[in-house]
Amino acid sequence: MSLDKLNSEGDFLLKRDQTEALMQVSRPSRYLGGELGSICKDDVGIEVRMALAFPDVYEVGMSHIGFPILYNILNSLDWVAAERVYTPWADMEQWLRDHQQPLCSLESTFPLDQFDIIGFTLQYELSYTNLLTMLNLGEIPLLREQRNENAPLIVVGGPCAFNPEPLADFFDVALIGDGEEAIVELVESVRRAKQENWSRKKLLQQLAGREGFYIPQMFDVSYQEDGCIEAITPLQPGYDKVRRRFLNDLETAPFPTRPIIPFMQTVHNRIAVEITRGCTRGCRFCQAGYIYRPVRERSPEKIQDLIAESLENSGYEEVSLLSLSTGDYTCIEPLLQQLMAKYVDEKIAVSLPSLRVGSLTPELMEEIKKVRKTGFTLAPEAGSERLRELINKGIRVEDLLETTQNAFQLGWRLIKLYFMMGLPTETDTDLQELIELAAQVKRSGKGTGGHDVNVAVSTFVPKPHTPFQWEEQIGIEETLRKQRLLRDGLAKKKLRFKYHGAESSFLEGVFSRGDRRLSAVLVRAVELGCRFDGWRECFDFSLWQQAFADCDIEPGWYLRQRDEGEVLPWDHIDCGVPKEFFLAERHKAIVGAATLDCRDGSCHGCDLCDFKELRMRQNNPVAIATKNMSIAAEEEKKVAGEEQLTRVRLTLSKQGRARMVGHLEYLKMFQRAVRRAKLPIRFSQGFHPMPKISYLEALPMGVTSEAELIDLELSSHLPADRVVNDINVQLPEGFKIVAGEIIPWKSPSPSATVASSYYCVTLPDPQPEDLAERISNFLAAEQILVSRIKKGVEKRVDIRPDVLELFRTGDELQIEVIKGSPLQVAATLLEVDIEDIRRLGVRKTGITLKV
């Protein structure tokens with residue numbers, strides 16, 4: 001048997017086992033794969049396989065903009081197969097361990113340990129235990145020194161890679177900085193290593209010679225008796241620092257316009273376009289503002305092209321313009337005006353998730369509210385003028401209140417304010433000013449019909465490569481005290497208060513500025529069961545306390561103020577901004593001196609730009625010419641606007657993996673398919689317009705169907721066969737329209753049309769010997785009561801009136817019901833659990849329509 005054949009059969013077995021797992025876990029669509037836009041290559045011509053690994057659940061990882069960029073770049077290479085893998089939730093992890101199954105990729109269910117490269121993104125320190133859990137589930141030794149030459153190359157990247165030292169014992173390579181070009185060099189190096197049979201050592205030496213690749217085993221770290229680092233000693237000549245990788249021009253950088261469309265609702269389920277990379281506002285606490293410099297903007301024309309292509313290929317209802325401060329984009333107002341003019345009739349919203357007080361003009365806000373009032377969030381960061389000067393956050397109270405007043409007057413009813421507490425030199429007086437500022441924001445909405453304010457306060461965590469990297473972080477007790485002060489004060493002002501857990505902020509601070517000695521703590525924490533530490537319901541600080549104690553490490557030591565002459569764990573990582581600049585900024589902070597934004601022509605002197613290739617790239621601050629419609633175009637629009645109301649009824653088949661897509665996920669999936677098909681769908685009126693599509697009642701999870709009805713209300717006439725064909729092209733695997741017809745406009749909805757539904761249940765082997773008697777007794781009964789739990793309350797429900805027919809044909813049970821789930825009927829008859837029926841296999845075979 002050939003290796004290819006063996007892989008093929010192995011994949012089949014994994015998929016079959018996966019089906020069993022999906023029946024037993026919550027939110028099975030996390031693990032389905034097969035989404036529209038995903039890429040699954042066969043083995044032909046593939047020389048390098050790379051797993052893009054996100055150390056959190058699917059719905060979080062799928063919202064991260066960096067993953068699809070790298071996924072698209074890698075899969076554009078014929079000889080590379082890039083696939084995705086996410087941390088399984090606790091129930092799936094347990095299933096994998098119980099059944100001795102390895103963690104596999106979504107696309108081809110390829111085992112993790114069979115990839116050439118596994119690339120982890122490090123977005124948050126509290127995801128580190130998930131990274132180790134994924135390695136363990138992938139049957140890959142955690143420690144680098146325990147892995148052999150054939151093990152996958154473990155690579156990390158992302159913002160936390162700017163101090164990867166707590167993970168230094170686990171990974172082979174850290175990619176520091178922008179990844180678009182470096183990721184190609186990485187796979188090319190691995191390809192050559194395989195072709196020429198290089199050792200792992202030679203491969204790493206080759207990578208060390210390229211900018212942006214950090215090889216931790218090529219540095220030795222020694223410590224003083226007091227625990228501070230004595231020296232970071234390079235072990236390879238000429239490799240004493242690792243300079244961050246830079247992408248010079250965002251305009252020409254690849255960006256995916258065929259996004260992967262998830263079945264489930266993800267954290268950010270929309271088109272996301274990066275309009276700017278980098279920020280030079282110079283906020284002294286903000287790591288992103290320093291590690292993503294310089295500012296590089298995409299042109300308005302490029303952004304509009306990317307959005308148009310992405311919407312056409314996705315069917316999304318919202319576009320998000322991403323940057324560290326979207327309001328600072330040079331052409332933001334004319335760009336928004338043109339986007340709104342283009343998409344307002346299609347009911348597509350445009351959101352700006354990162355807005356800065358001072359960049360939000362009334363004109364800008366007026367544009368945002370035209371379609372939907374998406375979230376309105378502002379981040380003053382500090383409550384007092386003194387602290388805002390210290391952190392270089394140039395926000396005046398007057399500007400903030402003018403912005404919030406405009407927002408309330410334009411129709412927003414809720415404003416979210418983000419602050420930090422525990423900033424350097426902070427006193428209780430500063431916190432009292434925070435409370436009063438939030439109250440002033442609430443009062444700015446007086447007389448506008450509603451003015452709620454949510455106040456979210458996080459604990460300041462000093463980050464590497466910032467002017468505050470030397471500062472002390474407050475401990476747990478002081479965090480709790482400050483939170484009580486804020487909670488009581490904000491409650492008196494009738495303001496909602498949200499905050500980060502004191503223990504989780506403490507742990508974030510430990511690992512944010514940690515060193516290699518923390519690797520042992522991570523291993524021990526995973527052994528004790530730590531997972532998903534960024535999730536409040538999963539975080540168990542007592543386990544971490546035990547892990548630190550078992551490793552004889554005092555975690556509070558890592559929160560201390562650092563001496564300015566001290567060797568820092570990340571000193572050999574060069575973010576492009578020298579340590580001397582950060583020191584100067586720290587000293588300016590102490591006296592409240594401002595550093596102006598270099599976008600305004602005042603260079604910071606941070607020594608990052610070469611002013612040739614690596615430089616600030618901004619658009620000319622001129623308005624985009626708005627294209628006025630001609631009279632002919634207006635007439636054409638009027639003609640197009642004359643509705644020819646048409647109602648199309650479709651019959652849909654739901655097979656294979658599609659049966660594990662939940663009902664709400666199915667509705668959203670179909671809506672987006674209709675958008676991609678560019679059908680003239682009608683929308684409801686009101687604040688949140690919805691497409692006029694009607695469905696049958698929810699099909700139970702895990703049940704296949706050959707007879708799901710869907711009605712579409714169209715504003716112009718289209719032949720039914722064209723509607724069927726256009727939608728089928730857009731449906732993911734497992735969904736198919738099998739019939740379509742034009743029906744009278746006033747026809748009843750699908751659910752009101754169906755008289756009964758037919759289901760077929762596979763019987764267990766062996767079948768109950770008295771099955772015929774059970775069926776007879778069931779049909780003869782006047783009442784059959786079963787228990788159902790709804791919202792925590794148990795109710796007794798009579799299922800007999802809804803069952804019209806019940807009989808056996810061979811190895812199958814046939815059920816006809818007026819309404820309700822066939823699973824309960826079969827489970828009652830066979831005296832088993834509903835989940836057992838689901839695993840046996842149930843399919844909906846047909847419906848009877850009312851006369």
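The values are calculated or read from the model by the stated rules, or taken from the named source; none is laboratory data. Note that the structure is a prediction, hence the values are computed from the model and not measured. Positions of Cβ are backbone-derived with ideal geometry, glycine not excepted, and every protein chain shown enters the neighbour counts. Please note that ligands, DNA and RNA were not included when accessible areas were found on the heavy atoms of the full protein model with its side chains. Shrake-Rupley method; radii C 1.70, N 1.55, O 1.52, S 1.80 Å.
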Where in segment 786-822 is the amide nitrogen less than 14 Å from a point lying 7 Å along the Cα-to-Cβ axis of SER751? 819-821
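Does segment 267-310 classify as rounded, prolate or oblate by the C-alpha gyration tensor (a ≥ b ≥ c root eigenvalues; a/c under 1.5 gives rounded; else a/b over b/c gives prolate, otherwise oblate)?
Verdict is oblate for segment 267-310.
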For the chain, dividing by residue count, accessible area per residue (probe 1.4 Å) in Å² works out to 43 Å²
With charges only on Cβ, +1 for K and R and -1 for D and E, what is the dipole size of segment 433-474 about its Cα centre, in debye, rounded to 20? 260 debye
Measure nothing fancy, just the Cα-based angle from helix 579-590's long axis to the longest principal axis of the chain, in degrees from 0 to 90, nearest 10. 90 degrees
From largest to smallest, what semi-axes in whole angstrom does segment 387-462 give when each is the square root of 5 times an eigenvalue of its alpha carbon gyration tensor? 25, 12, 11
Multiplying the sequence separation of LEU596 and GLU769 by 0.36 nm and subtracting their Cα-Cα distance, what value in nm do you get? 53.9 nm
Could you give the angle, 0 to 90 degrees to the nearest 10, between helix 66-75's Cα long axis and the longest principal axis of the Cα atoms of the chain? 70 degrees
Compute the long axis of helix 397-409 from its Cα atoms, compare it with the longest principal axis of the Cα atoms of the chain, and write down the angle in degrees, 0 to 90, nearest 10. 10 degrees
Taking square-rooted eigenvalues a ≥ b ≥ c of the alpha carbon gyration tensor, is segment 262-382 rounded, prolate or oblate, where a/c under 1.5 means rounded and, failing that, a/b exceeding b/c means prolate? prolate
Among chymotrypsin sites (Phe, Trp or Tyr not before Pro) in segment 46-105, those in a DSSP loop whose Cβ has at most 14 other Cβ atoms within 10 Å are TRP79
Dipole check, segment 488-551, charges on Cβ (K,R +1; D,E -1), about Cα centroid: among VAL523, CYS551, PHE497 the Cα furthest to the positive pole belongs to PHE497
I need the calculated FRET efficiency for the pair VAL344 and ARG808, taking r as the beta carbon distance and R₀ as 56 Å, to the nearest 0.05. 0.45
Heavy-atom accessible area of ILE69 with all protein chains present, probe 1.4 Å, nearest 10 Å²? 10 Å²
Need one word for segment 58-123: rounded, prolate or oblate. Basis is the Cα gyration tensor (sqrt eigenvalues a ≥ b ≥ c); a/c below 1.5 gives rounded, then a/b vs b/c decides. oblate
Fraction of beta bridges assigned by DSSP in the chain that are antiparallel (%, nearest 5): 55 percent
List the trypsin sites (Lys or Arg not before Pro) within segment 445-546 that fall in a DSSP loop (any state other than H, G, I, E or B) and whose Cβ has at most 12 other Cβ atoms within 10 Å. LYS446, LYS494, ARG536
Looking at SER323, GLY447, LEU207, which one has the Cα that reaches farthest to the positive end of the dipole of the chain (charges on Cβ: Lys, Arg +1; Asp, Glu -1)? GLY447
Which value in deg cm²/dmol, rounded to the nearest 500, describes the helix-derived mean residue ellipticity at 222 nm for the chain, given -39,500 (n - 2.57) per DSSP H run of n ≥ 4 and division by the residue count? -9500 deg cm²/dmol
Where the only charges are on Cβ atoms (+1 Lys, Arg; -1 Asp, Glu), what is the dipole of segment 31-82 about its Cα centre, to the nearest 20 debye? 80 debye
With the dipole of segment 678-730 worked out from charges on the C-beta (+1 for Lys and Arg, -1 for Asp and Glu) around the Cα centre, which of PRO700, VAL724, GLN685 lies farthest toward the positive end? GLN685
Segment 507-539-segment 256-293 distance, computed between alpha-carbon centres (Å): 25 Å
Write down, largest first, the equivalent ellipsoid semi-axes of segment 121-177 in whole Å, where each equals the square root of 5 times an eigenvalue of the alpha-carbon gyration tensor. 19, 13, 9
For THR377, put the label point 7 Å out on the Cα→Cβ axis and report which residues of segment 340-355 keep their amide N under 15 Å from it. 351-355
At GLN100 and GLU733, where each label point lies 7 Å from the Cα along Cα→Cβ, what is the point-to-point distance in nanometres? 2.8 nm
Between ARG615 and ASN777, what length in nm is gained on full extension when 0.36 nm per residue of separation is reduced by their alpha carbon distance? 50.2 nm
Solvent accessible area, Å² - CYS575, 1.4 Å probe, full protein context: 0 Å²
Loop only per DSSP, at most 15 neighbouring Cβ atoms within 10 Å: give me the trypsin sites (Lys or Arg not before Pro) in segment 747-851, ordered by residue number. LYS791, LYS819, LYS850
At the level of C-alpha centres, the distance separating segment 714-790 and segment 822-849, in angstrom, is 13 Å
With every protein chain kept in place and a 1.4 Å probe, the residues LYS736, LYS588 fall, from largest accessible area down, as LYS736, LYS588
If each of THR448 and ILE834 carries a label point 7 Å out from its Cα toward its Cβ, how far apart are those two points in nm? 4.5 nm
Computing the accessible area with a 1.4 Å probe over protein heavy atoms, can you report the carbon and sulfur percentage for the chain? 49 percent
To the nearest 20 debye, the chain has a Cα-centred charge dipole, built from +1 on Lys and Arg Cβ and -1 on Asp and Glu Cβ, of 2540 debye
So for R0 = 51 Å, FRET eff. of ALA549-VAL851 from the Cβ-Cβ r, to 0.05, ends up at 0.10
Length gained when the stretch CYS538-ASP428 is fully extended (0.36 nm per residue, less Cα-Cα span): 36.4 nm
So, counting K/R as plus one and D/E as minus one, what does the shell of residues with Cβ under 11 Å around GLU697 add up to? 0
If you rank HIS268, HIS465 by how much accessible surface each has, with a 1.4 Å probe, what is the order from largest down? HIS268, HIS465
Rounded to one decimal in nm, the spacing of the 7 Å Cα→Cβ label points at LYS492 and GLU363 is 4.3 nm
